[in-house]
1. Considering the options F159, S170, L77, tell which one lies farthest towards the positive end of the dipole of region 2-197, charges being +1 on Lys and Arg and -1 on Asp and Glu at the Cβ, about the Cα centre.
2. What FRET efficiency, computed as 1/(1 + (r/R0)^6) with R0 = 41 Å and r the Cβ-Cβ distance, is obtained for S200 and Q51, rounded to the nearest 0.05?
3. Among residues other than H42 whose Cβ falls under 11 Å from its Cβ, what is the net charge (Lys/Arg +1, Asp/Glu -1)?
4. Would you mind computing, in nm to one decimal, how far apart the modelled labels at M157 and M1 are, each placed 7 Å from Cα along Cα→Cβ?
5. Would you work out which of V104, A34, Q5 lies farthest towards the positive end of the dipole of region 2-197, given +1 charges on the beta-carbon of Lys and Arg and -1 on that of Asp and Glu, about the Cα centre?
6. Compute the acute angle (0 to 90°) between the alpha-carbon long axis of helix 2-13 and the principal axis of greatest extent of the alpha-carbon atoms of the chain; round to the nearest 10°.
7. Placing +1 at every Lys and Arg Cβ and -1 at every Asp and Glu Cβ, with all other atoms neutral, what dipole size does the chain have around its Cα centre, in debye to the nearest 20?
8. Compute the helix-to-body angle for 28-39: its Cα long axis versus the longest principal axis of the chain, expressed 0 to 90° and rounded to tens.
Amino acid sequence: MIATQNRQLFDKLGIFAMNIISSPGSGKTSLLEALAGILKEHLVVIEGDVQTRRDAERIEKTGCRAYQIETNGGCHLDAESVAHALKDLKLEQNPCKIVAIENVGNLVCPSSFDLGEHMKVALLSLPEGDDKILKYPSIFRRIGVLLITKMDLVPHMDFDVDRVVQECASLNENFETFKVSSKTGEYINEFCDFLMKQCSALNTDRRS
């Protein structure tokens, strides 16, 4: 299975890999730009889009390495396309600590596909509304992190953060929540610290 081979490569190199899933416009690329500004050479981003290199170009402008996968109509990434990206990135020669895979904007199709990641991360932005968790349970059952994004809009939105967290907890007993704003930087550092701890834990397990 190609996903298993991808994960074995990540494990061998001591790289923590996350699969970032959300609706279009939730702020995935903006989040990755903010992370890249902090993690710098420790982060490599694989971008998934139907067409264009626009998101990869945004990441590259931060100085972070990025690889664009164009699905040409496909609604999700698959393990084979990620495997090709990893081959071209040559992570053995150009190591990093974290690989972030930004999936195609969609809360349904990507949820059940294993790319070889260690963790699925879901974004839900305030403009999307606070009723999405139970409408799209498949992804929220599988995540290790829930990122509630665009928190700078709280004064302008009718969004019940507690409801979102509670409904996610009704589906999933093991996830972390971060309430972030890529615009203001709110809790971005804390999420970076979390990711680095995941990488450290992975390497501790690898050595034991």
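1. Checking the options against the dipole of region 2-197, the answer is L77.
2. Details: r = 37 Å, r/R0 = 0.91.
Efficiency computed from Cβ-Cβ geometry: 0.65.
3. Values: positive: K40, R65, K97; negative: E41.
Its environment carries a net charge of +2.
4. Inter-label distance under the simple model: 3.4 nm.
5. Positive-end residue among those listed: Q5.
6. In the chain, helix 2-13 runs at an angle near 80 degrees to the longest axis.
7. Numbers: 24 positive and 30 negative charges, 103 e Å.
The calculated dipole for the chain is roughly 500 debye.
8. Long axis of 28-39 versus the principal axis of the chain: about 60 degrees.
Read-outs throughout are calculated quantities, based only on the coordinates presented, and are distinct from any laboratory measurement. All figures in this text were calculated on a predicted structure; none of them were measured in a lab. Because the Cβ atoms are built from the backbone with ideal geometry, glycine has one as well, and the counts that use them run over all protein chains shown.
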